[in-house]
Amino acid sequence: MEIDDKENPNPNATNSPTQTAVQIAPVEPPIPLIPTAITPPIAPIPVLPPPPSSIPRPLAPLPSIRPPNGDAAKTTNENADSDEEGDDSGPEYEISEESRLFREKQEKAKQDFLMKQRAAALAVPTNDKAVRSRLRRLGEPVTLFGEREMERRDRLRMLMAKLDSEGQLERLMKILEEEEAAVNAAGMDDGGYEVEGEAIQYPFYTEGSTALLKARYEIAKDSVVKAAMRLKRARRKRNDPDEDEDAEINWALENAKTFSLDCSEIGDDRPLSGCSFSSDGKFLATCSITGVAKIWSMPEIKLMSSLKGHTERATDVTFSPTNNHIATASADRTAKLWNTKGALLHTFKGHLDRLARVAFHPLGKYLGTTSFDKTWRLWDTETGEELLLQEGHSRSVYGIAFHPDGSLAASCGLDALTRVWDLRTGRSILALEGHVKPVLGVSFSPNGYHLATGGEDNTCRIWDLRKKRSLYTIPAHSNLISQIKFEPQEGYFLVTSSYDMTAKVWSARDFKPVKVLSGHEAKVTSVDVVGDGQSIATVSHDRTIKLWSSKSAEKEKAMDLD
């Protein structure tokens, strides 16, 4: 019984603790075995969530890329910036103080450029009375302290450009036209005369004086004769079998190769600025920044006289081609005419700014001056009267030269432009563009159709007046060219002076270098060639005058005799 009861226990009976332990014991082992066997493959499963969480992370900066609109956008951008550090997309739209200042400066420069463009396109009265009247009607000061005519006109131009940019010019001009019409109606009395002091209407051109008309008639008459003589000589050289022009040029160039330093002399206590030979080659005139010009006898360079009268530095000096009168230009806005004894003959006043260069007309009766007031002027040397005030350059006018016939004048300036003027009509017949920097020197060739210019771009350009274009560009110096001169007799060579402390001789046939004249210790400011082409004078900031002479002078005299 006991055995049967133990083998077949009563299911309804309550199990004892011993029996429970026995029954649980076989069940417990498989329970830990199952997780230990399953755990290795399940373990990497929790690692899979990071990739999904990393997927949206690149999308976080997307709201910051969009332009912020309202507070919600700002909040989104702030959250995006705080969630992701090191994101460079946000600062792309932040403007630093330096960037803001740079943009403002750039915008201001752009506006100034546009303003100048507008100003250049506006028509401004040239008569000072009309300028004053226009300023008065615009409610602006008629004149400012120390303001000159050209400055007043520029102020009116900029004022009109400003009004144009603001869209007020048409309305103001309409008012001005009505006011002028009213002034015209009220300002004319029964006899039809204009009220005194009122500048109402001016012609497009400036009416010249009787003296200018007389001068133009004389210039035209003389230039026709000289041009006929020049052409006759050119035809003779071309058609005469005994004339060998190539041989003459070769001889002149070989002669130029022999230029050497003949004499050197201290010219002043301060740097020298100009030099010029007399027509017969017996005298040399120099000037310096002390304002004093001096006359030296040649060829020993002995001081003859001093010309004192300028109150500021002298900028140029030149001899008359017909007599021994000397003209000087100065920064005191005047030019003066002297004789060789040092006596002052005339003072030419009229320029509004300092003078640059001065040149005599081939007739010797007229003098041309250039100035930083953007004009050049023609003067009568006998009366001291101003004959012509010529505008045309947009910046300061620096160099001037006259055609050997006397019919043309060439002016060059800081606008990198060279203009050729017909003195018989007063018209600008050529505008020679090619230099990229200010043009400081200009010279006509004796052949009548070549013009040489040199400037701050270190080049010398040869222009053909017949073809109206640049014929050749010489890369002449390593610094700016201060002066340029053709050999005055036949024009077989030309000489340039430069701030690279040298002067150079160039062939006028193929424009190749012939001779380098080196010896100065500072900038060479001016150069001149004597009438027979046998001597060259240079002056420099080293205060010295140097005379360069040819070794073949005696041979040339023998050829002249033959």
Relative contact order as a percentage, region 331-406, C-alpha pairs under 8 Å and 6+ apart, gives 26 percent
Can you tell me the order of 384-397, 209-222, 357-370 when each peptide is scored by its average per-residue count of other Cβ atoms within 10 angstrom, highest first?
357-370, 384-397, 209-222
Given labels modelled 7 Å from the Cα in the Cβ direction, how far is it in nm from R270 to D154?
2.5 nm
Cut-off under 5 Å, modelled amide H: who pairs with W376 long-range:
Q390
For region 223-269, what class follows from the C-alpha gyration tensor (a ≥ b ≥ c being the square roots of its eigenvalues): rounded when a/c is under 1.5, otherwise prolate if a/b is larger than b/c, else oblate?
oblate
Looking at region 263-340 from every direction and averaging, what is the projected area of its Cα convex hull in nm²?
4.5 nm²
Just to check I understand the Karplus step: with θ = phi - 60° and J = 6.51 cos²θ - 1.76 cosθ + 1.60, what whole-Hz values come out for region 478-490, glycine and proline as x?
9, 9, 4, 8, 8, 7, 9, 9, 7, 4, x, 7, 10
Using each residue's phi in region 229-235, evaluate 6.51 cos²θ - 1.76 cosθ + 1.60 at θ = phi - 60° and report the 3J(HN,Hα) Karplus result to the nearest Hz, with x for Gly and Pro.
5, 5, 5, 5, 5, 5, 5
If r is the Cβ-Cβ distance from K308 to Y217 and R0 is 41 Å, what FRET efficiency results, to the nearest 0.05?
0.65
Within region 303-328, backbone nitrogen closer than 16 Å to the virtual label 7 Å beyond the Cα of L344 toward Cβ
306-315, 326-328
Given 0.36 nm per residue, what is the gain on full extension from F113 to T473 after removing their alpha carbon distance, in nm?
126.4 nm
So how far apart, in nm, are the two label points at C263 and R103 if each is 7 Å from Cα heading toward Cβ?
7.0 nm
Give me the percent relative contact order of region 449-562, please, defined on Cα pairs under 8 angstrom at least 6 residues apart.
16 percent
Whole-percent carbon and sulfur contribution to the accessible surface of region 304-433 (1.4 Å, no ligands, DNA or RNA) stands at 43 percent
Label-point gap, in nm, between L231 and S209 - each point 7 angstrom along Cα→Cβ
3.4 nm
Taking a ≥ b ≥ c as the square roots of the Cα gyration tensor eigenvalues, with a/c under 1.5 meaning rounded and otherwise prolate when a/b beats b/c or oblate if not, region 451-500 comes out oblate
What percentage of the solvent-accessible surface of region 256-303, computed with a 1.4 Å probe over protein heavy atoms, is contributed by carbon and sulfur atoms?
51 percent
Can you give me the accessible area per residue for region 407-562, using a 1.4 Å probe, in Å²?
39 Å²
Under 26 Å between C-alpha atoms, the lysine pairs in region 277-409 lying 8 or more places apart or on different chains count 26
Which of rounded, prolate, oblate describes region 411-476, given a ≥ b ≥ c as roots of the alpha-carbon gyration tensor eigenvalues and a/c under 1.5 marking rounded, otherwise prolate only if a/b is larger than b/c?
oblate
For region 101-110, take each phi angle, set θ = phi - 60°, evaluate the Karplus expression 6.51 cos²θ - 1.76 cosθ + 1.60, and give the result in whole Hz per residue in order, putting x for glycine and proline.
5, 5, 5, 5, 5, 5, 5, 5, 4, 5
Built amide H within the under 5 Å cut-off of R357, gap 5+
T370
Check which residues have an amide H placed less than 5 Å from K515's amide H, if you skip close sequence neighbours.
V505
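The values are calculated or read from the model by the stated rules, or taken from the named source; none is laboratory data. Everything quoted here is computed from the prediction, not taken from an experiment. Ideal geometry is used to build each Cβ from the backbone, glycine not excepted, and the neighbour counts take in all protein chains shown. Accessible surface is based on the protein model in full, side chains and every heavy atom, while ligands, DNA and RNA are left aside. Shrake-Rupley method; radii C 1.70, N 1.55, O 1.52, S 1.80 Å.
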